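This report refers to the structure that appears directly beneath it.
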Amino acid sequence: MPVLEVRNLHKVYRSDGVEVHALRGIDLQVESGEFVAVMGPSGCGKSTLLHLLAGLDLPTEGEVFVQGQPVHQLSESQRARLRRRIIGFVFQSFNLIPNLTVADNVDMPALLAGRAADEVARERDRLLQRLGLAEKRDAFPAHLSGGEQQRVAIARALINHPTVLLADEPTGNLDTRSGMEVLNLLRQFHQEGQTIVLVTHDPKVASFARRVVFMRDGRFVSEMALPEPGDASRILAELLAIA
Ligand SMILES: Nc1ncnc2c1ncn2[C@@H]1O[C@H](COP(=O)(O)OP(=O)(O)O)[C@@H](O)[C@H]1O
Ligand SMILES: [Mg+2]
């Protein structure tokens, strides 16, 4: 069974009498351990798709299953619980809580999930160590670089061992070097079995995945496997072919 399955997903935004058809029939299956990049230009519906996968919003039509659970049929509180337990989310803008320390930001989802504080602290310290943030444990987000903030956000997203990690343009606000650090860390977690779905408009970023799905105007138009990660040239060639 795929860990993530989407069937005929549509999303229409309505505001002030204006309708935007952001998703126009998306089908997607992600197997356990996959690293998938959804690649497409700004405005094609990537963030909308990730928000629906995470249960942050509901589709206008279609179905979303995470680990067999019908996200589209759950209440808001059930979706919040699902997000805490089996989904990790990394945003372009980090979204850390400014008045909490690094440690408290990372602990938050675990404590909300009802886990024991001492166990959470041990695991958080291990994660921070791994992400090169051991020295920053008691710092506040405003005192960290963008790259450090995003690594804290990754620790927060992974603390509850999510079935799937969703990342929305995770390097979009970072300089090239910090971006590469973040992508290399994601690749390491993937190599240890973490399922990841990342969305980006950047071929170089998409090249860190092992499967790339190309999106245009709310639809998937093409797909490729990347046997060798890090090769953006095939992605660029495909972009030219579908343009
Ligand atoms: N909350 C919203 N209300 C109205 N329109 C929206 C909303 N969010 C996104 N859109 C529109 O939906 C389309 C897809 O947006 P989005 O999913 O953010 O694309 P991407 O992440 O690929 O840039 C765009 O036309 C955008 O303007
Ligand atoms: Mg977006």
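The values are calculated or read from the model by the stated rules, or taken from the named source; none is laboratory data. Everything numeric in this text was worked out from a predicted model, so none of it was measured. Cβ atoms come from the backbone with ideal geometry, glycine included; neighbour counts cover every protein chain shown.
For (1) touching a residue at least 12 places away in the same chain (Cβ under 8 Å); (2) within 21 Å of the chain's Cα centre (by Cα), each residue gets a yes or a no:
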position: Asp118; (1), (2): no, no
position: Lys136; (1), (2): yes, no
position: Gly146; (1), (2): yes, yes
position: Ile154; (1), (2): yes, yes
position: Leu158; (1), (2): yes, yes
position: Val164; (1), (2): yes, yes
position: Leu185; (1), (2): yes, yes
position: Gln191; (1), (2): no, yes
position: Gln194; (1), (2): yes, yes
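Determine, yes or no, whether Phe140 is of a type in the set (A, V, I, L, M, F, W, C) and closer than 27 Å to Gly230 by Cβ. When the stated conditions are applied, Phe140 does not pass them. Filtering Arg14, Arg84, Arg7, Arg115 for residues that are among the charged types (D, E, K, R) and in contact with a Gly (Cβ under 7 Å, 6 or more places away or on another chain) leaves a single hit, Arg7.
When Val106, Val64, Val6, Val90 are screened for being within 16 Å of ligand 2 (Cβ to nearest atom) and within 21 Å of the chain's Cα centre (by Cα), only Val90 passes. Among the candidates Glu238, Glu192, Glu169, Glu148, the residue that is within 28 Å of Leu52 (Cα to Cα), among the charged types (D, E, K, R) and in contact with a helix residue (DSSP H, G or I) (Cβ under 7 Å, 6 or more places away or on another chain) is uniquely Glu148. Applying the criterion of being touching a residue at least 40 places away in the same chain (Cβ under 8 Å), farther than 21 Å from Ile196 by Cβ and in contact with a strand residue (DSSP E or B) (Cβ under 9 Å, 6 or more places away or on another chain) to the residues of region 21-61, the residue that is farthest from ligand 2 (Cβ to nearest atom) is Glu61.
Looking at Asp16, is it surrounded by fewer than 16 Cβ atoms within 10 Å (Cβ to Cβ), modelled with pLDDT under 95 and not aliphatic (A, V, I, L, M)? Against the criterion (surrounded by fewer than 16 Cβ atoms within 10 Å (Cβ to Cβ), modelled with pLDDT under 95 and not aliphatic (A, V, I, L, M)), Asp16 qualifies.
Being within 14 Å of ligand 1 (Cβ to nearest atom), farther than 26 Å from Gly132 by Cβ and surrounded by 19 or more Cβ atoms within 10 Å (Cβ to Cβ), is that true of even one residue in region 55-76? Yes, the conditions are met somewhere in region 55-76. The residue that is farthest from ligand 1 (Cβ to nearest atom), counting only those in region 168-195 that are of a type in the set (A, V, I, L, M, F, W, C) and over 23 Å from Asp125 (Cβ atoms), is Met180.
When the residues of region 1-54 are filtered to those that are over 20 Å from Val164 (Cβ atoms) and among the basic types (Lys, Arg), the one that is nearest to ligand 1 (Cβ to nearest atom) is Arg14. Within region 1-47, the set of residues being out of contact with any Lys or Arg (no Cβ under 7 Å at 6 or more places or on another chain) and acidic (Asp, Glu) comprises Glu5, Asp16, Glu19, Glu31.
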